[in-house]
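Have a look at the structure below before the remarks.
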Amino acid sequence: MRRAALHNLGCKVNAYETESMQQLLEQAGYEIVPFDEAADVYVINTCSVTNIAERKSRQMLHRARRKNPDSVVVAVGCYVQTAEEQVSEDEAVDILIGNNKKHELLALLDQFFASHEEVSCVGDIAADSTYEALTVSHTTERTRAYIKVQDGCNQFCSYCIIPYARGRVRSRETSDVRSEVERMALNGYREVVLTGIHLSSYGVDLGTNLLHLIEEIHKVPGIARIRLGSLEPKIITETFAKSLSELPKICPHFHLSLQSGCDETLKRMNRRYTCEEYENGCSLLRKYFSHPAITTDVIVGFPGESEEEFETTRQFLKKIGFFEIHIFKYSQRRGTRAASMDSQVPEQVKNARSEQLFRDLAPMNETFLDYYIGREVEVLMEERVSFGGVEYFLGHTKEYVKIAVPTEHYPDWNMENELIRGTVNARLKEHILLMKDVLKEKS
């Protein structure tokens, strides 16, 4: 029996695809072992979103080769797609697999074992209009399953390489998504997270839309929660927000990508909305959901971002009031328009601006979490953890707020994958709330 090890770099879509490839290998009789162990085959699902991500991809490919010089090293995904020639010249790599070709992993391994010569399967992703048929029946998480429903992006933001790595928008058939969610429900998963490269574009190539997909998944018995991946602001219309609010399984946790709170910066980024449109989307979510968790991404130090533009962003972030903000310092990415723009911002300025936004975020986060103290919440319990020598069960509310319940109160009850209700007592740690008494043990 051959042994295989896999390593994933990058986004949740990559993680889904890595799990799918692992299950292909399992079905073919491979023994799956940890990546730091000796294996016959190493599969590295690479990332190219930044130059640093590409460097990490190369490092993992070389680490695999060092681990077992006689192994087969397979480079898969975005780095391969955007730098095929460079990867092909890397002596650490035996098999190259581009995006939309991952389902051919087993056949390509067989080809290599027959010839012992480099195998390359990297197509013209821009010309490919088919959705790659990858599926999973289980995931490494025991309570929450990520479901890939879409691939590709048509937006071409000036800082982003992804449309070149992933190609144009391609959507998975609604019936196929529903079938996978049904399998997940039968395997005991209570929550599904819909994810894609540009989730808001789901269905534009199929004559349908994301709302219809959500409504179909909502009908699946056994699934208690539906969580959405990152959304574009313009998808939040009155109809979309109102319709979601009428679906009780929907988690009011919305990641609306912002990138900048300044219209001039957004224009240079080629983001296709204004700050006013973004704010309107947040207002609609707060109109139809009582206390939605709104999170976002922000890039600081984008080329040409002046002190005035940065201050405009700061004030806009405070005005909206977010639960969480993922803050990124702009990094030049070869092959993008932004990399050659004038007025690149010095690193020390990016560092200072990033630190300022982290300071601004802290009171927003505290305000959001403090709302729950003294309130009853529903929690999907996930795992045992330990803080300060005390053991807790840890889970998340629908808003993705972390809740900890002391195990000493319930020594004979394994809460994993249970939905419980109780009243939040206090802040346990910086980002974790405490719930001592479960009011309704199961729901």
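Rule-of-thumb check for the stretch 182-289: C-alpha Rg over 2.2 N^0.38 Å? Walk me through the numbers on the way to the answer.
Numbers: Rg = 15.1 Å, N = 108, 2.2 N^0.38 = 13.0 Å.
Computed over Cα atoms of the stretch 182-289, the ratio equals 1.16.
Give me the log10 of I(q) over I(0) for the stretch 1-81 at q = 0.15 Å⁻¹, as the Debye formula computes it from C-alpha points; what are the numbers?
The Cα Debye sum returns log10 ratios of -0.48.
Cα-based Rg (one decimal) and Dmax (whole number) for the stretch 63-127, in Å?
11.4, 37
If you wrap the chain's Cα atoms in a convex hull and average its projection over all directions, what's the area in nm²? Intermediate values should be presented prior to the final figure.
Values: hull surface 89.1 nm².
Value for the chain: 22.3 nm².
Once amide H atoms are built 1.01 Å from N in the peptide plane, which residues 5 or more positions from Ser257, or in another chain, come under 5 Å H to H?
Leu231
Please list, in chain and number order, the residues 5+ apart from Cys47 or on another chain whose amide H is under 5 Å from its amide H, with Hs placed from the backbone.
Ser57, Tyr79
Provide the percentage of antiparallel DSSP beta bridges, counting only those with both residues in the chain; round to the nearest 5.
On the way: 24 of 68 bridges.
About 35 percent, rounded to the nearest 5.
Using a 1.4 Å probe, what is the accessible area per residue for the stretch 75-197, in Å²?
On the way: 4710 Å² over 123 residues.
On a per-residue basis, the stretch 75-197 sits at 38 Å².
Per residue of the chain, what 222 nm ellipticity follows from adding -39500 (n - 2.57) for every DSSP H run with n ≥ 4, rounded to the nearest 500? Provide the component values of the computation, followed by the final result.
On the way: 13 runs with 147 residues, N = 443.
Rounded to the nearest 500, the figure is -10000 deg cm²/dmol.
Loop only by DSSP, 11 or fewer other Cβ within 10 Å of the Cβ. Give me the GluC sites (Glu not before Pro) in the stretch 76-164 that pass, ordered by residue number. Mind dumping the intermediate values first?
Values: sites: Glu84, Glu85, Glu89, Glu91, Glu104, Glu117, Glu118, Glu132, Glu141; in loops: Glu89, Glu91, Glu117, Glu118, Glu132, Glu141.
Qualifying residues, ordered by number: Glu89, Glu91, Glu117.
How about the stretch 132-230: which trypsin sites (Lys or Arg not before Pro) there lie in a loop by DSSP and see at most 15 other Cβ atoms within 10 Å? Walk me through the numbers on the way to the answer.
Values: sites: Arg142, Arg144, Lys148, Arg166, Arg168, Arg170, Arg172, Arg178, Arg183, Arg190, Lys219, Arg225, Arg227; in loops: Arg142, Arg168, Arg172, Arg190, Lys219.
Passing both the DSSP loop test and the Cβ count: Arg142, Lys219.
Given 25 °C and 0.890 mPa s, compute D for the stretch 59-210 with the Stokes-Einstein relation, Rh being the Kirkwood radius over Cα pairs; round to the nearest whole µm²/s. Kindly include the intermediate steps, with their values, before the conclusion.
Details: Rh = 17.1 Å.
Stokes-Einstein gives a translational diffusion coefficient of 143 µm²/s.
Quick one: pull the percentage of alpha-carbon pairs in the stretch 1-42 with a separation above 17 Å.
On the way: 241 of 861 pairs.
Above the 17 Å cut-off, the stretch 1-42 has 28 percent of its Cα pairs.
Above 18 angstrom, tally the Cα pairs of the stretch 95-159 and express them as a % of all pairs, no decimals. Write out the running numbers ahead of the final one.
Details: 1164 of 2080 pairs.
Distances greater than 18 Å cover 56 percent of the Cα pairs.
Share of Cα-Cα pairs in the stretch 353-443 beyond 15 Å, in percent?
Numbers: 2346 of 4095 pairs.
Across the stretch 353-443, Cα pairs with separations above 15 Å total 57 percent.
For the stretch 114-196, just say rounded, prolate or oblate: build the C-alpha gyration tensor, square-root its eigenvalues into a ≥ b ≥ c, call rounded for a/c under 1.5, and beyond that prolate if a/b exceeds b/c, oblate if not.
Values: a/c = 2.21, a/b = 1.42, b/c = 1.55.
The shape class here is oblate.
List the Cys residues of the chain that have no partner Cys with a C-beta closer than 4.7 Å.
Cys11, Cys47, Cys78, Cys121, Cys153, Cys251, Cys262, Cys275, Cys282
Calculate how many DSSP beta bridges within the stretch 75-200 are antiparallel, expressed in % of all such bridges and rounded to the nearest 5.
Working: 2 of 13 bridges.
Around 15 percent antiparallel, to the nearest 5.
Measure out, as a whole number of angstrom, how far apart the alpha-carbon centroids of the stretch 172-201 and the stretch 342-409 sit.
26
At a 1.4 Å probe, what is the % contribution of carbon and sulfur to the accessible area of the chain? Could the numbers behind the result be given before it?
Details: 9050 of 18900 Å².
Answer for the chain: carbon and sulfur cover 48 percent of the accessible area.
Can you give the accessible area of Lys267 in Å² (nearest 10), computed on protein heavy atoms with a 1.4 Å probe?
Approximately 140 Å² for this residue.
Would you mind checking which residues have amide H under 5 Å from Val72's amide H? H placed 1.01 Å from N; only 5 or more apart, or other chain.
Val41, Tyr42
The values are calculated or read from the model by the stated rules, or taken from the named source; none is laboratory data. Only a predicted model underlies this, so the values are computations on that prediction, with no experimental measurement involved. Neighbour counts run over all protein chains shown; Cβ positions are idealised from the backbone, glycine included. In case anyone asks, the SASA skips ligands and DNA or RNA and just uses the protein heavy atoms, side chains included. Shrake-Rupley method; radii C 1.70, N 1.55, O 1.52, S 1.80 Å.
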